Every structure is written in C-alpha cells, then in structure tokens.
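Please read the structure below before turning to the comments.
The values are calculated or read from the model by the stated rules, or taken from the named source; none is laboratory data. Keep in mind that what you see is a predicted model, and the values were worked out from it rather than measured. Reconstructed Cβ throughout: ideal geometry from the backbone, glycine too, with neighbour counts over all protein chains shown.
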C-alpha cells in the first residue's frame, strides 16, 4: 500500500506547487489591476492615492517577493485576508465550500447512480426501441449545457407552479427539507449531462464485456443470467466507469460555477467569479488552489478504487 | 403525461418548500451583485452603496425624491453672509445602532475620517475646502471653509455619520456597520444575502414600518424575474429598461420609474488628433442621432440628453438649445474637411463591457460611419477599460457614468483643467473661469447662469458627447406600499415602505 501512496502524495505536492505558481503569475498578468478597480471609475483618484493603496496591499513589491511572502504564510495555513471585506480568505472559502460540495455530490450521486442501471438496461435491450429511444435522449442530454437547462427549469417552474418559492439557498443545518427542496433543480440540471455521458459509457463497456470469452464460459457452466450480467460483466465494465466518474467530478466543479449563478447558490463559483471581477488576488489564489487540491484528491481516490475493483493492478 | 409528472414533482417540491414562506414584514429584495464591503466611507461599488447609504447610514443632509436637499441628521443650518461658515443644529435624540447617542463629536470624527489620507476615502475631495470644525455644544457643529463652496450641502448628503472612535479603523465598518439609519445590520452570508433588522430606536417617529429587509444576491436576471413573479422576492430595485419591459403586465408586479441621473457618453481624448480639434468633436455631435439610440439600445425607455440630466429640472438646459444636437451628416463631413482631415477619419472606440453600452457603441459606429468617420470598436475587459480610461489611453470611448445632484460635483472634476477625472485632458479657460465662479458663490441665480453657459460650451465642443439618460425602474410586488424610486438610485425610501399581508 505504501508503495502506491507515497509517490501519489509526492505528486500531489508537486502539482499544488506548480498550480500555485501558475495561478500567482496568471492573475497578475491579466490586464487591469486591483487598485484601479478598487478605486472605481467614478471617484476622485490621485496618483498618490493609487500609490498608497498599492503599498498597503503589498502590490508595489517585486513579484518574486510577493510570491515568497504568500507561499511562506500559506505553508503555515495563513492565506491572507480578502482585499475587500478584510475577512480571512480561509473563512470565506469555508463558508462557500459547503453549497458547492453538496451540489457536486448530489449531482454526482444522481448522475452516476442512475447511469449504471440505465446503461445496463440499454446494453441488455440492445437494438430494441427502448435502447434506441434512450440513446437519442442521452445525445440530447450530452449536448444541452447545464446553465441553459437550469434557466429552462426555472422558467418551467414559474409557469407550472407559479406559487412555489424555491429559489436561493438555505443551509442544510438550518432547514434540511428546505435545503434539499431547493437543491433538486440545480442538482438535476448538473446531473443530466453526466447521466447522459456515463450511461452511454456503461452501455458500451457492458456490450464489450458481454462479448468476452469469460461470459460465454460463465453461461456455459450454467450460471443464472442475473449473475452473469451483474457479477461478471458489470464488475469489469465498472473500471472505465470509475475513471470517468473521477474526471467528471472535476468538470462538475466547473459546471457548478455556472449553475450556482443561475440558481443563486452562494458557493465557490460565485466566490471565484466575484474574486476575478474584483481582482481579489489572495481570495482568488486560495480558492483556485482549493479547487485544484479537490481535483487531485478525487483522482487519488479513483486510483485507490482501482485497487479495490481490479486485482490486476494491485502491487 | 410529462406535464402531469412535472406537476407532481413540483407539488412535492411545494410541500418541501412551504415552511420557508417569508415572514410578512421582512421585505425580500433581490439584487444582482454581492456588496464588496459595507464601510460607507470606503465603498465605491453600487452594490454596496445602495445597501449602506440610506437604509443603514445617514448624513447631515439628505436628498429627497425631487432631488432637493433636505434636513436629515442636521435638523437645520445657517450659512454666514460670506458663504464660508456653516452652522448645523443636530437632530436631538438620535442614537447609533449600538445605543450610543449621536452628537457633534461623532460628526466631526466622521469628517476627520473621510479627510484622513490613511483611510483613503474617495469622498475626501467633497470636504476639500473645510479648514476647521468646531463643536460649541453637543448638538451644534460649525464648519469653516477656505472659500465659499456651494455644493457642500448636497455633498454632505453622501457622507455617512459613523460613531466616534473609528477615525483610524479601516476594517471594522466593512464587516459590521453601525449607523443611525432606519435599519441595522444583522447578518451577512457572503454571496447569499444581507439581512437588516428594524432599528427600534429610529429617530423619525413611527418609522421604519418593516421589521427588516433581506437583500438576496441573485446574479441571474431570469431567476430574479421568476422570483418576483412568484412572490418570493418583493422588490427588484433599480433595474434596466430591458428587464422592466419583460416584467411589464405580469400579474402581481408593479413598476415604478424615473429618469436616471446617470448617463451614457462618448468620451474623446483632446490631447491627440483627431479630437484635439474642437471642430472634430462638434462633427461627432452632428453625426449622432440620439433619438435613434434611445429606440435601438434603450428600447425607447429614455431621453436624449445634454451635459446634465433632464431630471435635474432646476439646472439642465434643454437639448433643443444645442444646435449640434440636430442630426446632420453633411454638416459633420464639412466640419471634418474644414479641420483639414481626409475622409473617412479613422478612430478607435474603446467600449465599456456592458450590454447596453455595447449596443449604443454599435449604433454610434453606424451613425458616425455615415458622417465621414471610420469607427473601429475595441471591446476590452472591465479592468483593462478602467486602466485605459485612467491613463487617458484612448482616442474615444463609449461608457456610462453615475450622475450627481449638484452640477459642480460632475463638472469641476471632469472638465476643469487638471481635474481629477479629466481623463480627456480637456482645457478651456472660459469653462475654468465659469466653474470657479459657480463654485465660489452661493447665489443660486448666478450659479445657474454660469452652469447654463458651461452646458452650452460643453454640449457641442466639449470632450464628451452626452448621449442619453435611461429610464430607471424598480419592480415591486403589488402589496408593497410607500416606496418611492429615486433618480440617484438611493433606497432611503425603504424607511416608509410597508407590506400589506
């Protein structure tokens, strides 16, 4: 186990370091700086005021010095304070992490959870009208972007149930039912494209597996069809599925950003978009780092899952 | 069948969401942007400004719905004959939200805070002529000025009075406001909502009528519209004509409207060719058809405008008085030729990244191309736009500006030689003299005469072609009463607002 874990953890550290450098440079190289935006387009601005503000924010130092300062503090768990609200960055991120995690997990559970049975049904009824219809629907699901789906869902809601007031967000801890009630639509909007792509993947992996020699052998030795399909075929078909789920989780975080905008959910997406618009360097840096860490961690978990699912890759 | 299933699902949702029904007397407001901070002396973003100024904080004076200056925390004031000494009598019995009484020391501390370089308040210039401040007793404040400053009273409406002891503190008020207004800060869930609660000790008797106001942050326009349609939100403040048009006639939704103080403009850099020649700037005015812009870009909800908003009825010169406001492409071409230029004259227009401005820029491009120009539009990201604007790195730009109640607040910094937002590098000795005169007298008729002349000069050969003033809307549920929309976008009217059950 350690032979697998240690190199992966080292990789994780390298990736995080690389991302921190790239993000640090990138957000400072995009045109327009925090001070110009901070002072606004419609207020009294004097060069000495710009210089003073720049000094206060530490933006007058060489970029290497700025990075060194930031990295040293970050290693000790201090990601600085938000330029605008003056609150610790970590606190802002933690406040916004919950809704995004919840949305991502719900969408993943919904999409990946339904994809397996849907894919199996399509594979078993291959060539029939059910399979055909489901394939058409999944192509539609693949091509429809989540944010558009979200807006259509909101408009449909307004037409079909005008009295229903389910926009916005309430924390699960404050009102569990209200929280879930409000999360249904955004999670569904986010889950549909995943469901479409994953169910197609399960279908083709299942078809592939069902054509293998060991399936013929299993049938020949008189196993029940249920056992053949679910024990032998599905177990093998799940390996590409798990890889795909891992990658999808990363994209889910990206999709969540847009869906959060549509449904007014105060998650990481809104935090990142706001931070970009305001050139809120410390906040943006730390948020992107957290998302990257999440992405890397998910891939790490996927690797561990391989070990569990596929004896062949066990060391 | 699908419809039926959907209905079932939605009904299930209703059951889930039903206990969330808002309590009747907390007004649910939906706004598009999260505020960037709540310190009234530091914020510049409109998303912050509308929440703090009026609902949470008040100034010595206030601006009423007719844009006239009226008493607020100062119950009355007198101005000395030479216009250099202002004596304010403070409203008795006013308390801050933390319970401390509001007295002269707080007023003086607030002004010190605004003027302090270390705080870096963008409001500092409004108090630039204040030399001494005195408090003969707890309820009197005397300001002495280095020169008469007519715009002082309207400027004071925008300077919030905060408790003493904050002079050197840049952070505390960003997160935890403490004012004298009708509502007090209760809770802020960043990007989620800001909740204000009724100030039970508010000094204006019987107000506020609401128990609270909740500003929900809802970035997506379609979501806000659905929200007010369903009654989840009771108010969408300060929305643009395009959104208002879609809400018009929706059952249960009422619209209020007023003419904006803010305006759209084309700015020209007078420090380099071709706009260093006043005839070229005049040609731009002849090339434009402002009526068409209002129809095409503002959906007809606005009016063509000169240097001052027609909403400022006591100041604005009607556009019919400006000869160059007649659309005449031939005249524009003649002016360009008289300036010694070969047609077409190529110019680049930097465009503020906002949909209405992009629309207006395209209309302006088409109109100018017909009148001897060849306009190239340059679309940039907001940060880049502000930087280029600030560094005068443009030939021409299309943008929008917030307006001011007093002409001095806009004209002096924008058009006087060396003015702090004179990014056009415009310099006209006649305009300078008139602006200095108007600032230095408190005689209303003399100020009006000077600003009339300034407007006539600026309208045709100034560095800004003022385009249009849009109609501003606020959408309310039918059961919301007492609110009045204001041209300066202030939500001070929330104090008188109530919701019928």
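Looking at segment A:40-88, which of its residues are within 20 Å of residue B:43 (Cα to Cα) and at pLDDT 85 or above?
Hits for segment A:40-88: nothing passes.
So which residues in segment A:141-178 are facing another protein chain (nearest Cβ under 9 Å), assigned to a helix (DSSP H, G or I) and more than 18 Å from the chain's Cα centre (by Cα), if there are any at all?
Hits for segment A:141-178 are A:151, A:154, A:155, A:156, A:157, A:158, A:160, A:177, A:178.
If you scan segment A:58-85, which residues turn out to be free of Cβ contacts under 8 Å to residues at least 12 places away in the same chain and within 14 Å of chain B (Cβ to nearest Cβ)?
A:85
Looking at segment A:86-98, which of its residues are facing chain B (nearest Cβ under 10 Å), in a helix (DSSP H, G or I) and touching a helix residue (DSSP H, G or I) at 6+ places or on another chain (Cβ under 7 Å)? Give the steps one after another, and end with the answer.
First pass over segment A:86-98, keeping only residues facing chain B (nearest Cβ under 10 Å): A:86-87, A:91-92, A:95-96.
Imposing the further condition that a residue be in a helix (DSSP H, G or I) reduces the set to A:91-92, A:95-96.
Correct list: A:92, A:96.
Would you check which residues across segment B:329-386 are closer than 15 Å to residue B:297 by Cα and assigned to a loop (DSSP other than H, G, I, E, B) and list them?
Those that are closer than 15 Å to residue B:297 by Cα and assigned to a loop (DSSP other than H, G, I, E, B): B:352, B:353, B:354.
Take the conditions surrounded by fewer than 22 Cβ atoms within 10 Å (Cβ to Cβ) and out of contact with any strand residue (DSSP E or B) (no Cβ under 9 Å at 6 or more places or on another chain) and apply them to residue B:170. Does it pass?
Considered against the rule, which asks whether it is surrounded by fewer than 22 Cβ atoms within 10 Å (Cβ to Cβ) and out of contact with any strand residue (DSSP E or B) (no Cβ under 9 Å at 6 or more places or on another chain), residue B:170 comes out as yes.
Find the residue count for segment B:191-213, including only residues that are surrounded by fewer than 21 Cβ atoms within 10 Å (Cβ to Cβ) and within 14 Å of another protein chain (Cβ to nearest Cβ).
Adding up the residues that qualify gives 1.
Quick one: how many residues across segment B:226-237 are crowded, with 20+ Cβ neighbours inside 10 Å and either more than 8 Å from chain A (Cβ to nearest Cβ) or outside any helix (DSSP H, G or I) (or both)?
Of the residues in that region, 7 qualify.
When you go through B:487, B:495, B:500 one by one, which is the residue that is within 15 Å of the chain's Cα centre (by Cα) and in contact (Cβ under 8 Å) with a residue 12 or more places away in the chain?
Sole residue among the options that is within 15 Å of the chain's Cα centre (by Cα) and in contact (Cβ under 8 Å) with a residue 12 or more places away in the chain: B:487.
If a residue must be surrounded by fewer than 20 Cβ atoms within 10 Å (Cβ to Cβ) and touching a strand residue (DSSP E or B) at 6+ places or on another chain (Cβ under 8 Å), how many such residues does segment B:358-386 contain?
Going through segment B:358-386 one residue at a time, the tally reaches 10.
Filter segment A:99-117 down to residues that are surrounded by 21 or more Cβ atoms within 10 Å (Cβ to Cβ) and in contact with a helix residue (DSSP H, G or I) (Cβ under 6 Å, 6 or more places away or on another chain) and give me whichever is nearest to residue A:284 (Cα to Cα).
Within segment A:99-117, the first condition is being surrounded by 21 or more Cβ atoms within 10 Å (Cβ to Cβ), and the residues that meet it are A:99-100, A:102-104, A:107, A:111-112, A:115.
With in contact with a helix residue (DSSP H, G or I) (Cβ under 6 Å, 6 or more places away or on another chain) added as a condition, the list becomes A:100, A:103-104, A:107, A:111-112, A:115.
Working: A:100: 16, A:103: 21, A:104: 20, A:107: 25, A:111: 29, A:112: 30, A:115: 34 Å.
It comes out as A:100.
Looking at segment B:96-135, which of its residues are exposed (fewer than 15 other Cβ atoms within 10 Å of the Cβ) and touching a residue at least 60 places away in the same chain (Cβ under 8 Å)?
Of everything in segment B:96-135, those that are exposed (fewer than 15 other Cβ atoms within 10 Å of the Cβ) and touching a residue at least 60 places away in the same chain (Cβ under 8 Å) turn out to be B:98, B:99, B:100.
Would you list the helices (runs of 4 or more DSSP H) that sit entirely within segment A:196-315 and hold 2 or more residues that are more than 14 Å from chain B (Cβ to nearest Cβ) and more than 13 Å from the chain's Cα centre (by Cα)?
Values: elements: A:213-220, A:234-263, A:268-278, A:281-309.
The helices (runs of 4 or more DSSP H) meeting that bar are A:213-220, A:234-263, A:281-309.
Please enumerate the residues belonging to segment B:453-467 that are under 14 Å from residue B:286 (Cβ atoms) and more than 23 Å from the chain's Cα centre (by Cα).
B:460, B:461
Looking only at segment B:146-156, decide whether some residue is touching a strand residue (DSSP E or B) at 6+ places or on another chain (Cβ under 8 Å), outside any helix (DSSP H, G or I), modelled with pLDDT of 90 or more and surrounded by 23 or more Cβ atoms within 10 Å (Cβ to Cβ).
no
Please report, ordered by residue number, the strands (runs of 3 or more DSSP E) entirely within segment B:45-108 with at least 3 residues that are under 22 Å from residue B:214 (Cβ atoms) and modelled with pLDDT of 90 or more.
none
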